[in-house]
Amino acid sequence: MSASSLNVALAGNPNCGKTTLFNLVTGQNGYVGNWPGVTVEKKEARVRADHQITVTDLPGIYSLSPYSPEERVSRDYLMSGVPDAVVNIVDATNLERNLYLSLQIIETGLPTVIALNMGDLVERAGDRIDTKALSRRLGCPVIMISALKNKGVDELIAEARQAATQKARPSSPAFDTSIECVVSRIEQLLPASVAARERRYWAVKLFERDADALTRVHLSRDSAACIEQLVSDCERDCSDDAESIITSERYATIAHIIDDCLKRAPEKMSVSEKIDRVVTNRALGLPIFAVVMFLVYFIAVFTVGKSATDFTNDQIFDQGWFVLGQGRAAYDEAADRYTEAQAEIAAFMSAADEHGVDVSAYNDAMDASDPAAAAAAAADIARDPAVSQIKTTAEIPGDDDQVSRVSVDSATLEGALAVGEPDPASFGPWVPSVPAIVGGWLTAGGTQEGGLVYALLIDGVIGGLGAILGFLPQMVVLFIMLSFLEDCGYMARVAFIMDRVFRRFGLSGKSFIPMLISSGCGVPGIMATKTIENEKDRRMTVMTTTFIPCGAKLPIIALLMGALVSGTSAWWISPLFYFLGAFAVIGSGIMLKKTRLFRGRPTPFVMELPTYHMPAVRSWALHVWERCWSFIKKAGTIIFASTVAVWFLSNFGVYHGAFGYLPDMTGIPEEFTDYSVLAGLGGALGVIFAPLGFGSWQAAAMSVTGLIAKENVVATAGSLLHISGATESDPSMWSAFSAMFGTAGGVLAFGAFNLLCAPCFAAMGTIRNQMKSGRWTAIALGYECGLAWVIGLIVNQMYLLATGGEIGAWTVIAFIAIAAIAYQLLKPMPKDAFLDEPVLVEAVASA
């Protein structure tokens, strides 16, 4: 970094708008959320308007006492000597609470600029803040801004540059005289190695008996004893402990500042308070949340999202489309007539065969998928005098599985043969599908249609990725709605609502935030567990957060919906599996909390509720884009590689003792994948899943590829079931998928296992990073897979029993599993379950 470069730190309380300001001034796309822990690690970027300034976005904190990981990261950076100045972002609508951190930042002696964010909301509420008076009381510049509306930001950057350049040390507000004397005396006892600007900060920390300060400031034995005597005397005089004395002094200082600088408007209930009286109501809060989430998934999966996904699947990756629908109606009419004509020809050929006419040429051409040859053969047959008296009936497929019947004779046949296959390009502006375009390029370049390279690219790569990307529109709709709920402030309320629920099950409300984030992707959800201070709570949350269906699991849910009820009137399937994940979280919380591994009091949940507001379009769009781009990147890397791998494993194998490309082998049956390498691997693993009702090698292979990436389940199904290109919303996929299972119980068990088992490879790596222990990683993944297998076993065995099946060994094992789960859920919580320290446990025991 050059000598002229300046480092400016952004510090402030959670939800004060730090990251919004950081994104605004740097042009970055850092995630902004309405809860603590959104910024877990510090982030750096240069200011767009002044490249000499590097801005560091620190985690949101309430104090510089390192009680949490975020506070430790922030304090270490501020005291590292790196920042030239600090911009302290203050929520101007909550001045009293935010100034508590401001006083501590000023005590560090770093050049400081106070940014009163959300100034527009203060003005709207009718309050008035005297920024000049506030600047005088705090001893540093104070700028009113609105990061959301980009007001006052340029002035703030200019002020920060000036503060960083001039190294102006703020004058810290003084405490009461008696306390100030003690602090001053401690300053004098500090070693000379402590810089002048930091001496007051370390003096106050030593007054508070801050353990971290004692290790950083190398006091002599005599100085330490003298300081301890000074603090003890002060505690005795004030009849209070040292930390409380400093806290009281800071709040007293803040009270005086507020009196001088803030003029409040007459009290009245705000819109947010009126809304909160309903949505955070003890009785209504949870039902409202359930209804909201149901509507979100209903709209994303079944209405708006479904239409967009159908277009992507049916038009972009299958048939092609007419621009703005021009020519569609005429083409559909011609296509219907062609379908009808083909049905008439097929029916006549069948009748001719029954009358002893040789139709083998026509049948051979149809088997070879050669419509031109079939038409020519049919025309030759039509000229045979023997067919002139043949009459039959053709069944014409229509919409909604309706079938109409028409009479067919030789005259009808001649008319049908005159109907050619319509070319969509002749009806209007036509865009071919992606497979058609790439296939055309390949054949034009000399690649054999249907050969190894052609099949790999069209069936393996495009077919696999098409099945995944076809789901993207539904995810976009889902992320749009979830991001809106987060940005407007509703999800922050939900965190508080869920805190009341989670604490009953041994988890903190902080555990809800990672689970909420996991509904988009498990990786950032697991990373968000960093904000949970209690190690046991954090580990339990890491183990359970991926039970919530992420976006990648929604294609599996859609596939299950189609396989179970053919997609009709199945609006309840998606919420059912979402709530299955929620129940798995709650049940696991109750059961695990009663084990020695996780006993302990949940971390208290403290969070500022933001005012309800309409999200800024840019921030909202960034959230949606960030999540979608993460999905697309995953599709282009992990899923791409695994799709190609699955294609190779399913197209190469051993037939009659020879290993090679199965489709090109002489005499191999149409279901050639039964001889593939993947069939061998799936067959070996199918033994594990047989009690769950899906012991076929195809189902086992789908589950295994789902561990690489959950999106692979649908893509693998398309490849293994010989319906490459079909998606989770394709009826042909539903029927082929359903046929793999003997019963609906097997389908449900497959869904339960794949939605609850260990997450994808990327999430597993994140679990390893968060656990920082191979043993705990193995425990987490083992618990997830074990619970998923047990739930799948219970589902399948109970379904078989309910539908008249016999009681077998696995039925007995399922009942034993139900009894064990019920016992662990219902048995009383151990008396020492919420005691953290072994010392206290021993004290209780001795009592």
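The set of residues in region 133-162 that are open to solvent by 10 Å² or more (accessible area, probe 1.4 Å) and farther than 18 Å from ASN98 by Cα comprises LEU148, LYS149, ASN150, LYS151, GLY152, ASP154, GLU155, ILE157, ALA158, GLU159, ARG161, GLN162.
Taking the listed residues ASP367, ASP380, the one that is more than 18 Å from VAL419 (Cα to Cα) and of a type outside the set (Lys, Arg) is ASP367, with no other qualifying. Among the residues of region 370-410, those identified as open to solvent by 70 Å² or more (accessible area, probe 1.4 Å), of a type outside the set (Asp, Glu) and part of a helix (DSSP H, G or I) are PRO371, ALA372, PRO385. For region 202-219, the condition of being within 28 Å of ARG46 (Cα to Cα), open to solvent by 30 Å² or more (accessible area, probe 1.4 Å) and at pLDDT 85 or above holds for none of the residues. The single condition from (1) open to solvent by 40 Å² or more (accessible area, probe 1.4 Å); (2) modelled with pLDDT of 85 or more that VAL271 fails is (2).
Matching residues to (1) assigned to a helix (DSSP H, G or I); (2) under 30 Å from VAL194 (Cβ atoms); (3) acidic (Asp, Glu):
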residue	(1), (2), (3)
LEU99	yes, yes, no
SER102	yes, yes, no
ARG136	yes, yes, no
LYS149	no, no, no
ASP154	yes, no, yes
ALA160	yes, yes, no
ALA163	yes, yes, no
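When LEU748, LEU787, LEU755 are checked against the criterion of being in the same structural domain as LEU560 (by the TED database), farther than 30 Å from THR529 by Cα and not acidic (Asp, Glu), LEU748 stands alone in meeting it.
Being under 30 Å from ASP537 (Cβ atoms) and modelled with pLDDT under 85 is a description that does not apply to TYR100. When ASP222, ASP212 are checked against the criterion of being closer than 20 Å to GLY109 by Cα and charged (D, E, K, R), a single residue qualifies: ASP212. Of the residues making up region 276-284, at least one is farther than 14 Å from ILE179 by Cα, assigned to a helix (DSSP H, G or I), open to solvent by 40 Å² or more (accessible area, probe 1.4 Å) and not hydrophobic (A, V, I, L, M, F, W, C).
Residues considered: ASP310, ASP336, ASP332, ASP353. Of these, the only one that is closer than 26 Å to ALA552 by Cα, of a type in the set (Asp, Glu) and part of a helix (DSSP H, G or I) is ASP310. Does ALA820 satisfy the criteria of being part of a helix (DSSP H, G or I), at pLDDT 85 or above and open to solvent by 50 Å² or more (accessible area, probe 1.4 Å)? So ALA820 fits the description; yes. Restricted to region 220-244, and to residues there that are touching a residue at least 12 places away in the same chain (Cβ under 8 Å) and of a type in the set (S, T, N, Q), the residue that is most open to solvent (accessible area, probe 1.4 Å) is SER220. Of all residues being modelled with pLDDT under 90 and acidic (Asp, Glu) in region 118-176, which is farthest from PRO615 (Cα to Cα)? Just the residue, please. Checking each candidate, the answer is ASP176. Which of the residues that make up region 735-767 are in a helix (DSSP H, G or I) and not small (Gly, Ala, Ser)? Selection gives PHE737, VAL747, LEU748, PHE750, PHE753, ASN754, LEU755, LEU756, PHE761, MET764, THR766, ILE767. If the condition is being open to solvent by 30 Å² or more (accessible area, probe 1.4 Å) and of a type outside the set (Asp, Glu), then region 82-99 contributes VAL82, THR93, ASN94, ARG97.
For region 655-669, the set of residues classified as open to solvent by 80 Å² or more (accessible area, probe 1.4 Å) and either under 43 Å from the mean Cα position of the chain (by Cα) or among the charged types (D, E, K, R) (or both) consists of PHE659, ASP664, listed by residue number. Would region 800-812 turn up any residue that is hydroxyl-bearing (Ser, Thr, Tyr), at pLDDT 85 or above, within 13 Å of GLY587 (Cβ to Cβ) and in the same structural domain as CYS757 (by the TED database)? No: zero hits. Note on region 646-687: residues that are within 26 Å of ALA762 (Cβ to Cβ) and modelled with pLDDT under 80 amount to 3. A residue that is of a type in the set (A, V, I, L, M), within 22 Å of GLY320 (Cα to Cα), open to solvent by less than 60 Å² (accessible area, probe 1.4 Å) and touching a residue at least 12 places away in the same chain (Cβ under 8 Å) occurs nowhere in region 358-369. Residues in region 570-593 that are touching a helix residue (DSSP H, G or I) at 6+ places or on another chain (Cβ under 7 Å) and modelled with pLDDT under 70: ALA570, TRP571, ILE573, SER574, PRO575.
Residues in region 245-254 include at least one that is over 23 Å from ALA582 (Cβ atoms), in contact (Cβ under 8 Å) with a residue 60 or more places away in the chain and in contact with a Cys (Cβ under 6 Å, 6 or more places away or on another chain). Could you tell me whether THR247 is under 25 Å from VAL86 (Cα atoms), in a helix (DSSP H, G or I), open to solvent by 20 Å² or more (accessible area, probe 1.4 Å) and β-branched (Val, Ile, Thr)? Judged against the criteria, THR247 is a match. The condition of being over 23 Å from LEU576 (Cα atoms) and in contact (Cβ under 8 Å) with a residue 60 or more places away in the chain holds for only one of ASP314, ASP332, ASP318, that being ASP318. In region 393-414, of all residues being out of contact with any strand residue (DSSP E or B) (no Cβ under 8 Å at 6 or more places or on another chain) and more than 11 Å from PHE348 (Cβ to Cβ), the one that is modelled with the highest pLDDT corresponds to GLN402. Within region 442-455, residues that are open to solvent by 70 Å² or more (accessible area, probe 1.4 Å) have Cβ atoms under 8 Å from residues that are among the β-branched types (Val, Ile, Thr) and modelled with pLDDT of 80 or more in these pairs: GLU449/THR443; VAL453/THR447, counting only partners at least 6 apart in sequence or on another chain. Here is the figure for region 670-710: residues that are touching a strand residue (DSSP E or B) at 6+ places or on another chain (Cβ under 7 Å) and open to solvent by 40 Å² or more (accessible area, probe 1.4 Å) total 2.
The values are calculated or read from the model by the stated rules, or taken from the named source; none is laboratory data. Given the structure is predicted, the values throughout are model-derived calculations rather than measurements. No Cβ is skipped: glycine too gets one built from the backbone with ideal geometry, and neighbour counts run over all protein chains shown. Ligands, DNA and RNA are excluded from the accessible area calculation, which covers all protein heavy atoms including side chains. Shrake-Rupley method; radii C 1.70, N 1.55, O 1.52, S 1.80 Å.
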